[in-house]
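Q: This is the structure, below, for whatever I ask next.
The values are calculated or read from the model by the stated rules, or taken from the named source; none is laboratory data. In this text, all values refer to a predicted model and were calculated from it rather than measured experimentally. Every residue, glycine among them, receives a Cβ derived from its backbone with ideal geometry; neighbour counts consider all protein chains shown. Surface accessibility is based on the protein's heavy atoms, side chains included, excluding ligands, DNA and RNA. Shrake-Rupley method; radii C 1.70, N 1.55, O 1.52, S 1.80 Å.
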Amino acid sequence: QAALRRLHRRIWGAAPVSNGGLSPRAAARPPPRIPGAAAATTSGLALAAGGCDLVKKVVGSADEAVADIPDGATLCVGGFGLCGIPENLLGAVKRKGVKNLTAVSNNAGVDDFGLGVLLQTKQVKRMIASYVGENKNFEAQYLNGELEVELTPQGTLAERLRAGGAGIPAFFTRTAHGTIIQEGKNVIKYGPGGAKGGEIEIMSEPRESREFDGQGYVMERAIKGDFALVKAWKADERGNLVWRGTARNFNPDCARAGRICIAEVEEIVPVGALSPEEIHLPGIYVQRVIKGDGYEKRIEKRTLSSGSGEIKVDPRRELIIKRAAEELTDGMYVNLGIGMPTLVSNYTKPGVRIELQSENGLLGIGPYPTEAEVDPDLINAGKETITTIPGSASFSSSDSFAMIRGSHVDVTILGAMEVAANGDLANWIIPGKMVKGMGGAMDLVSSDSRVLVVMEHLAKGGKHKLKQSCGLPLTGARVVNRCITELGVFDFVTTGPEAPPTLVEIAPDTTVDAVREATGFEFKVASPLKTMLANDAHLAQQVEVALEVARSGRWPCDLHSWACEPNAYRNVGWLATQPERVLPPEAT
């Protein structure tokens with residue numbers, strides 16, 4: 001009771017009278033109102049069975065909840081892609097018509113959904129995000145000089161938000177060291193003529209850098225928002241929040257970073273209905289709660305299991321993917337980038353069990369769902385629908401990148417636009433032309449996990465992707481340990497004096513001379529030079545088909561009769577010159 005009286009003095013300026021009412025002096029001072037909330041009464045300060053309910057947080061509608069958001073406010077908006085986004089609150093902000101907003105979010109949804117609706121109406125002046133993704137309007141406004149865009153590595157963004165909510169003004173991270181982010185050479189806003197005009201209006205600021213334990217780090221400032229707009233599954237009347245699946249993502253980090261956090265939920269339950277151990281975010285971070293009127297929960301990439309387990313992949317890519325799968329051993333924690341890398345887990349050897357980590361907040365990714373299993377609250381980092389497995393765990397974005405930066409992930413497999421002879425990697429932007437954003441790639445390659453790049457050897461038009469030095473802005477400096485293409489496997493020297501890469505394996509249907517012609521840097525050749533997937537049963541089967549064709553005398557005139565095995569036909573000519581490199585042994 002004494003503690004309540006002290007608290008009462010701090011809030012109202014006087015002690016409560018014995019009957020639970022207010023003193024005349026305190027009664028003359030009305031409590032601050034929350035839009036849509038019932039007026040505070042003395043009963044709110046009375047000690048009851050349910051505890052001390054100081055302020056009612058449940059608000060009647062999204063429009064009332066956002067009523068005091070002014071022009072020029074900074075909004076921290078939860079969600080990843082379209083998963084876990086505050087649909088109703090964003091709609092209310094659009095209706096309110098506030099302008100010159102700064103939006104802090106991993107990405108901006110799609111053109112007509114999520115944060116994309118505020119870009120359509122040009123209510124956003126600046127985006128602080130890690131990924132542009134499939135939002136064409138977002139990319140166009142940036143390249144046309146209409147929108148300020150501060151691209152930030154995904155893990156750095158999560159940590160900046162977490163730090164802002166924790167009262168930490170800045171921190172050091174290895175992420176982005178040696179890139180244009182550190183150097184302050186990233187364009188935030190183009191001039192009136194856009195990227196084509198060549199005029200730059202705002203450049204990013206250089207980051208302070210320091211060395212710790214012989215490695216370079218950059219300093220990043222915390223982010224604090226005027227308001228946080230988040231989406232959760234459940235809330236109680238005190239604002240305690242619970243999420244399900246991967247819909248948690250950036251939501252808790254945004255909630256903590258906002259001076260006023262507004263949470264929309266699918267269900268509001270009475271105080272006490274949630275057990276303490278199931279609450280993901282305590283209500284101390286949440287000022288207002290609304291129950292959403294309804295949810296579309298649009299899915300960006302509805303990816304379904306075929307049911308048969310069959311995966312159709314181009315033969316060249318299949319060689320790359322299957323070879324990458326040989327890098328994975330039992331018990332590894334692995335992060336797979338979007339695109340080709342996501343298929344690697346389908347080709348692991350029998351008996352090899354790996355745990356897939358997805359940076360949007362899931363450890364233990366299951367197969368693609370059937371139509372009946374599709375859940376919009378369960379996606380991977382590529383925005384594809386997924387399932388979980390026994391032992392899966394979900395968590396926030398800041399927790400996810402703590403795993404990554406803390407070197408708890410063993411292997412990272414991702415794609416690339418360019419790889420340099422010294423192991424530099426570029427895969428996130430073509431200045432002035434294509435802006436996808438770095439997403440989590442900069443964080444992943446700057447940790448101590450083993451970095452494998454899987455990509456086709458040449459770009460469109462036969463241009464080199466393996467180059468003496470990268471012409472595009474770097475994702476990371478000297479970070480690639482191994483690169484696997486359809487022509488071979490290269491190992492890189494990433495520490496100490498720079499040295500040429502080494503070709504350690506070659507594809508079964510090419511020569512070293514052909515690899516040299518397709519590669520933009522000089523490289524060493526391992527001795528002995530192994531053949532990719534030399535022990536692979538599928539390759540052995542192809543060779544057998546090729547041998548049978550050769551023995552039958554049907555080649556080369558009857559190609560159409562066995563066109564289903566084009567690689568086998570190609571192997572016939574190859575066998576004639578390099579039989580010693582092929583299994584089975586009788587191929588000689």
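Q: For the stretch 409-498, what is the charge dipole size about the Cα centre, in debye to the nearest 20, if Lys and Arg each add +1 at the Cβ and Asp and Glu each add -1 at the Cβ?
A: Its charge dipole is roughly 380 debye.
Q: Using a Förster distance of 41 Å, how high is the FRET efficiency between V374 and N535, based on the Cβ-Cβ distance and rounded to 0.05?
A: 0.60
Q: I'd like the Karplus ³J(HN,Hα) series for the stretch 484-495: coefficients 6.51, -1.76, 1.60, θ = phi - 60°, whole numbers in Hz, and an x wherever there's a Gly or Pro.
A: 10, 10, 6, 9, x, 10, 10, 10, 10, 8, 10, 10
Q: Once you order the gyration tensor axes a ≥ b ≥ c over the Cα atoms, which shape class does the stretch 139-263 get: rounded for a/c under 1.5, otherwise prolate or oblate by comparing a/b with b/c?
A: Oblate, because a/c is 1.5 or more while a/b does not exceed b/c.
Q: On to the next question. Give the calculated FRET efficiency between R221 and D513 to the nearest 0.05, with a Förster radius of 41 Å applied to their Cβ-Cβ distance.
A: For R221 and D513, the calculated efficiency is 0.20.
Q: Now for a separate question. Do any GluC sites (Glu not before Pro) in the stretch 459-516 lie in a loop, going by DSSP, with at most 14 other beta-carbon atoms within 10 Å of their beta carbon, and if so which?
A: Of the GluC sites (Glu not before Pro), the ones in loops of the stretch 459-516 whose Cβ has at most 14 other Cβ atoms within 10 Å are E498.
Q: Then there is this: Assuming R0 = 30 Å, what is the FRET efficiency of E183 and E146, from their Cβ-Cβ distance, to the nearest 0.05?
A: Using R0 = 30 Å, I get an efficiency of 0.75.
Q: Please tell me the relative contact order of the stretch 430-487 in percent, rounded to the nearest whole number, where contacts are Cα pairs under 8 Å and at least six residues apart.
A: Worked out over the stretch 430-487, it gives 47 percent.
Q: What does the extension gain come out to for R6 and V352, with contour length at 0.36 nm per residue minus their alpha carbon separation?
A: Between R6 and V352, full extension yields an extra 118.4 nm.
Q: Please compute the modelled spin-label separation between I202 and T502, points set 7 Å along Cα→Cβ, answer in nm with one decimal.
A: Between T502 and I202, the label points sit 4.9 nm apart.
Q: Please tell me which of these pairs span more than 19 angstrom C-alpha to C-alpha: K185/K467; K57/K224; K189/K433; K136/K189; K322/K530; K94/K433?
A: K185/K467; K57/K224; K94/K433
Q: Still on this structure: With +1 on the Cβ of every Lys and Arg and -1 on the Cβ of every Asp and Glu, and nothing else charged, how large is the dipole of the stretch 373-420 about its Cα centre, in debye rounded to the nearest 20?
A: Roughly 180 debye, rounded to the nearest 20.
Q: Measuring from a point 7 Å past the Cα of K136 along Cα-to-C-beta, which residues in the stretch 299-332 have an amide N at less than 20 Å?
A: 299-302
Q: Could you please state how large a percent of the accessible area of the stretch 246-394 is carbon and sulfur, counting protein chains only and using a 1.4 Å probe?
A: Here carbon and sulfur together make up 50 percent of the probe-accessible area.
Q: Right, another one. Let's see if you can work this out: charge +1 on each Lys and Arg Cβ, -1 on each Asp and Glu Cβ, no other charges. What is the dipole magnitude of the stretch 213-362 about its Cα centre, in debye to the nearest 20?
A: Magnitude of the dipole: close to 340 debye.
Q: What full-extension length gain, to one decimal in nm, is calculated for D448 and V55 as 0.36 nm per residue of separation minus the Cα-Cα distance?
A: Taking 0.36 nm per residue and subtracting the Cα distance, the gain is 136.8 nm.
Q: Ignoring ligands, DNA and RNA, what accessible area per residue does the stretch 445-532 give at 1.4 Å, in Å²?
A: Normalised by residue count, the accessible surface of the stretch 445-532 is 43 Å².
Q: With every protein chain kept in place and ligands, DNA and RNA left out, what is the accessible area per residue of the stretch 74-142? Probe 1.4 Å, answer in Å².
A: 26
Q: Now for a different question. Under the rule a/c < 1.5 gives rounded, and otherwise a/b versus b/c splits prolate from oblate, where does the stretch 269-331 land using the Cα gyration tensor?
A: Verdict is prolate for the stretch 269-331.
Q: On to the next question. Which one of A263, S275, G239 is farthest out on the positive end of the charge dipole of the stretch 207-280, using unit charges on Cβ (Lys, Arg +1; Asp, Glu -1) and the Cα centre as origin?
A: After comparing all options, I get A263.
Q: HN-Hα J couplings of the stretch 278-292 from phi, Karplus 6.51/-1.76/1.60, θ = phi - 60°, integer Hz, Gly and Pro as x?
A: Once rounded to whole Hz, the list reads 9, 7, 8, 9, x, x, 4, 8, 10, 9, 9, 9, 10, 8, x.
Q: Amide H to amide H under 5 Å from D375: which residues, 5+ apart in sequence or cross-chain, H placed 1.01 Å off N in plane?
A: I386
Q: Okay, moving on. How large is ³J(HN,Hα) for each residue in the stretch 131-146, as worked out from phi by the Karplus curve 6.51 cos²θ - 1.76 cosθ + 1.60 (θ = phi - 60°), to whole Hz, x for Gly and Pro?
A: In residue order, the calculated couplings are 8, 8, x, 8, 7, 5, 5, 4, 4, 5, 4, 5, 5, 8, x, 9 Hz.
Q: Once you keep just the Cα pairs under 8 angstrom separated by 6 or more residues, what percentage relative contact order results for the stretch 62-154?
A: Over the stretch 62-154, the number comes to 25 percent.
Q: With the crude spin-label approximation of a point 7 Å out along Cα→Cβ, what separation in nm comes out for D213 versus S469?
A: Placing both labels 7 Å beyond Cα along the Cβ direction yields 3.1 nm.
Q: Assuming a ≥ b ≥ c are the square roots of the Cα gyration tensor eigenvalues, decide whether the stretch 140-205 counts as rounded (a/c under 1.5), prolate (otherwise, with a/b larger than b/c) or oblate.
A: prolate
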